[in-house]
Every structure is written in C-alpha cells, then in structure tokens.
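Worksheet for the structure shown next.
The values are calculated or read from the model by the stated rules, or taken from the named source; none is laboratory data. Predicted model only: the values in this text are computed from it and were never measured. Reconstructed Cβ throughout: ideal geometry from the backbone, glycine too, with neighbour counts over all protein chains shown.
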Amino acid sequence: MRLVPDVLRVRAFRDVWLASVASNAGNWLQIVASGWLILKATDSPAAVGALALVTRAPAIALAAMAGRLADRHDRRLVGIWTFLLQAAASGVLAVITLTSGVHVWAIYLFTFVTGVGFALGLPAMLALIPSLVPRPQLSQAVSLNAAGINVARLLGPAIGGLTLALFGATTCFALNALSFLALVLVLLALPPRPAAAGSSRARMREAFAVAVRDQALRRLLVGMALFTALASPIQELAPVVADRLDAGAGGLGLLLGAMGGGALIGAWLLERLGDAGMPRHRALPIASLTFSGGLAVVALTPWFALGLAGMAFSGVFWIWMFAATNTAIQLLAPPALLGRMLGLYQLSVIGPIAIGSTLAGAVAEVIGIEATLTGCAVLLALWGAWSLRYPVTAIDDHGPPPPGARSAGEGGDRVEHPGRDAALDL
C-alpha cells in the first residue's frame with residue numbers, strides 16, 4: 001500500500017494542492033481573528049452571524065459571472081487575479097489593525113472584498129483540477145482536494161487561535177495575505193489552461209435548466225443547500241459557542257480545529273467506504289442525518305471537552321457532504337457547462353451559509369445559541385431521514401467521456417469531465 005496517493009505524483013496537481021492547503025490555512029487565521037474581534041467589539045451573536053453574510057454575499061451575486069469566467073477564460077489566470085485581490089484585502093486589514101486598532105466597519109468591508117475574490121475564483125479553481133490529472137484519478141484528486149481543505153481546517157484555526165492570543169489580529173491578517181501570494185506563485189508556473197471548446201456561448205441559464213431537468217443534479221444541489229443552511233451555524237457561530245463555554249480565543253481555535261480533524265477522518269473513511277461499494281446516493285443522506293447528532297451535542301453540552309468531541313464528530317460527516325457532492329457534480333456536468341455548473345454548486349453552498357448563519361445569529365440573539373443550534377439539528381435530521389427514504393440512485397451514474405477525449409499520457413490537457421446530454425440532482 002502506497003503512503004503517497006498516486007495523484008500526488010502528478011507535479012502540477014501536487015504543487016497546486018500544497019499551495020491551496022497553505023492558503024486555506026491562512027483563511028482560517030483570518031476567520032478566527034475576524035469573528036473573535038467582532039464578538040468582543042459588539043457582544044452580539046447577530047453581528048457574528050452577519051459576518052457570514054458579508055463573506056458570502058458576493059458568491060450569491062456573482063455566481064453567474066464566476067461561472068462565465070471559468071468557462072470563457074484561462075482558469076489559471078482567473079485564479080491568479082482573484083487571489084491577488086484577496087491578498088490585497090487581507091493586507092489592508094493588517095495595516096488598519098496595526099495602525100489604528102479594531103474597526104468593525106473595516107472588518108466587514110475588507111471581508112466583503114475578500115469574498116468577492118473568493119466568489120469569482122472558486123469555479124475556475126474547481127474546474128482547473130480535472131485538467132491537472134488523468135481522468136481515472138479525478139475522483140481521488142477531488143477527494144484529496146477536499147482533504148486538503150480540511151487539513152487546513154485542522155491546522156488553521158488552532159494556529160489562528162494561538163496566533164491571535166500571542167501576537168494579535170494583525171499577524172493573522174498578514175499571514176493570510178502571504179498565503180494567497182504563495183498560491184499565485186504556483187499558478188504562475190503552470191502553462192495556460194484555455195477554456196473548454198464550445199463553452200463561450202453557454203449561459204448560466206442553460207446550466208440551471210440542465211440542473212432542473214436532471215434528477216441527480218437537482219438532488220445534489222438542493223441537498224447541499226439545505227445541509228449548508230442548517231449545518232453551517234456550528235462553524236459560523238463558533239465564536240459564540242466558545243464564549244458560552246468560556247473557552248477564549250484559544251478555545252475557539254481548538255473547536256474549529258477539532259471539526260477539521262474530524263473532517264480528515266471523514267475523508268479517509270468516505271474513500272474506504274466508497275472503495276467497499278457504498279454509493280454516494282446513500283452516503284449523502286447518512287451524512288446529513290448523522291451530522292445532526294454532533295450538532296445537537298455542541299448545542300447542548302456545558303462541557304468544553306464534549307463540545308470538542310461533538311465538533312470532531314460533526315466534521316466527519318461535513319466532509320462527506322462536500323466531497324461526495326463535488327465529485328458527483330464534476331462527473332455528471334457537461335464539459336461545456338462545467339464552470340457554470342460549479343458556479344451553481346458554489347451558490348448552493350455559500351448562499352445558504354450566508355442566509356442560514358445570519359438568521360441563526362439573529363435567532364440566537366433572542367432565544368440563545370443552545371436552542372438555535374438544537375432547532376437546526378432537528379430540521380437537518382428530518383431532511384436526512386427523508387432523503388434516505390427517497391434516494392436518487394442516478395447520483396452514482398458516470399457518463400461516457402466526450403468524443404475525442406485523450407488520456408493525460410497522450411499529451412495535452414484533458415477534457416475535464418464525462419459528457420451528458422442532460423445534466424445535474426435534488
């Protein structure tokens with residue numbers, strides 16, 4: 001058994017993956033610092049929840065534009081420019097907190113700018129992955145990419161909490177800016193990645209029509225939207241949870257890091273169960289149903305140690321949802337609509353996080369964080385049970401490669417995904 005996954009032997013993917021892990025870890029330093037500063041400046045769960053809306057609102061507004069950028073332009077260049085924008089926003093936050101202290105307006109404003117860069121670049125970066133690896137390794141690459149995100153989720157919050165406690169928010173923001181620049185350097189070293197043939201005339205409404213018609217894609221997108229709306233408050237309101245448990249900034253980092261550690265275990269477990277024959281159309285509702293148990297523990301426990309365990313348990317099934325959904329959409333999407341379909345995926349993830357966490361923060365302001373998270377857990381359990389009772393087996397379909405597709409060993413960029421005339425799941 002090889003200790004190094006085969007896909008990491010592909011240099012282009014390995015370089016992008018390692019730089020992405022560093023960049024995502026840097027993101028968590030900023031998330032920890034921003035959320036904690038907002039809570040301490042306002043003493044308001046609603047203000048913390050609003051930070052999620054500020055972060056993700058650009059993704060709601062820019063999903064169509066982001067999909068067009070990914071399909072019509074060199075995805076590598078899209079990534080470079082959007083990461084430069086995020087680096088600039090984080091750098092400005094570092095300068096402001098260094099020179100004039102904490103300003104809530106500045107945190108909101110430059111978090112929004114960072115969100116714009118993230119929203120415009122995400123579909124392009126997701127669509128870049130299939131061109132970096134041979135087609136048989138695509139599922140492994142997507143899973144490893146998700147695992148990398150959660151390596152960052154494990155390390156970033158813990159490092160962020162420690163850095164915030166020892167060196168302050170300025171250092172967290174500055175390190176995040178540097179992490180974006182590291183990824184820019186890696187992308188600059190890649191050869192151009194031209195848009196897929198035939199994609200220039202595709203429109204977002206075509207991708208939406210395909211997603212509505214295709215039962216598998218419809219279930220995937222709706223299921224992800226419901227999951228993220230109900231599950232994301234455990235992450236976005238973690239500063240409020242940490243404050244309730246008297247855990248401080250360091251405890252906040254540990255809570256978020258525990259969720260990342262659980263996600264690493266979950267990614268490994270999902271791959272093993274997939275190899276053993278567990279279909280995605282079963283794994284997804286199981287993830288929703290089981291995650292709700294961890295969410296309930298975090299909502300109700302008065303003990304920090306049990307809160308850590310609940311966050312880790314939730315992280316296992318959090319990654320199941322993201323890895324399995326992302327892989328399925330990449331395999332089912334028509335090549336010419338890949339960027340736009342990933343734009344819809346982005347919208348199904350980020351929009352509900354923004355709305356769900358903002359509403360949860362406002363509700364927690366009135367009835368408390370315990371009751372709010374418990375209500376989310378109950379609703380998520382109901383959705384998981386229903387979707388397990390009424391599965392969509394087409395989620396596990398794999399369309400044939402497009403005519404003329406070549407393997408990576410035959411030279412040139414790969415055609416990203418199997419073609420389907422009809423496309424995406426509810």
Seminar exercise, completed: Going through region 250-264 in order, the residues found to be surrounded by fewer than 24 Cβ atoms within 10 Å (Cβ to Cβ) and within 14 Å of TRP36 (Cβ to Cβ) are GLY250, GLY251, LEU254
Problem set entry | Residue within region 20-27 that is free of Cβ contacts under 8 Å to residues at least 60 places away in the same chain and part of a helix (DSSP H, G or I) present | no
Exercise. Quick one: would you say ARG76 is charged (D, E, K, R), surrounded by fewer than 24 Cβ atoms within 10 Å (Cβ to Cβ), part of a helix (DSSP H, G or I) and in contact (Cβ under 8 Å) with a residue 12 or more places away in the chain?
Worked result: yes
Problem set entry | Given (1) surrounded by fewer than 22 Cβ atoms within 10 Å (Cβ to Cβ); (2) more than 18 Å from the chain's Cα centre (by Cα), index of the condition GLY310 fails | (1)
Exercise. Could we say that ALA238 is out of contact with any His (no Cβ under 9 Å at 6 or more places or on another chain), closer than 18 Å to ALA25 by Cα and not basic (Lys, Arg) here?
Worked result: yes
Exercise. Within the group ARG11, ARG56, which residue is surrounded by fewer than 18 Cβ atoms within 10 Å (Cβ to Cβ) and among the charged types (D, E, K, R)?
Worked result: ARG11
Seminar exercise, completed: When ASP246 is run through (1) surrounded by fewer than 18 Cβ atoms within 10 Å (Cβ to Cβ); (2) charged (D, E, K, R); (3) in a helix (DSSP H, G or I), the failure sits at (3)
Seminar exercise, completed: Taking first residues from region 168-192 that are closer than 14 Å to TRP17 by Cα and second residues anywhere that are surrounded by fewer than 19 Cβ atoms within 10 Å (Cβ to Cβ) and modelled with pLDDT of 90 or more, the pairs with Cβ under 7 Å that are 6 or more apart or on different chains are VAL184/LEU84
For this session: Output the residue which, of all residues in region 342-358 that are more than 13 Å from the chain's Cα centre (by Cα) and either at pLDDT below 85 or of a type in the set (Val, Ile, Thr) (or both), is farthest from GLY67 (Cα to Cα).
Result: THR358
Problem set entry | Candidates ALA333, ALA360, ALA364, filtered to the one that is in contact (Cβ under 8 Å) with a residue 24 or more places away in the chain and touching a His at 6+ places or on another chain (Cβ under 6 Å) | ALA333
Exercise. Identify, please: which residue in region 267-325 is part of a helix (DSSP H, G or I) and of a type in the set (Ser, Thr, Tyr) and is, among those, nearest to GLY251 (Cα to Cα)?
Worked result: SER314
Exercise. Does SER131 satisfy the criteria of being within 21 Å of ARG9 (Cα to Cα) and either in contact with a Phe, Trp or Tyr (Cβ under 7 Å, 6 or more places away or on another chain) or polar (S, T, N, Q) (or both)?
Worked result: yes
Exercise. Taking only pairs six or more apart or across chains, which ones have beta-carbon atoms under 9 Å, a first residue in region 98-126 that is β-branched (Val, Ile, Thr), and a second residue that is assigned to a loop (DSSP other than H, G, I, E, B) and crowded, with 17+ Cβ neighbours inside 10 Å?
Worked result: none
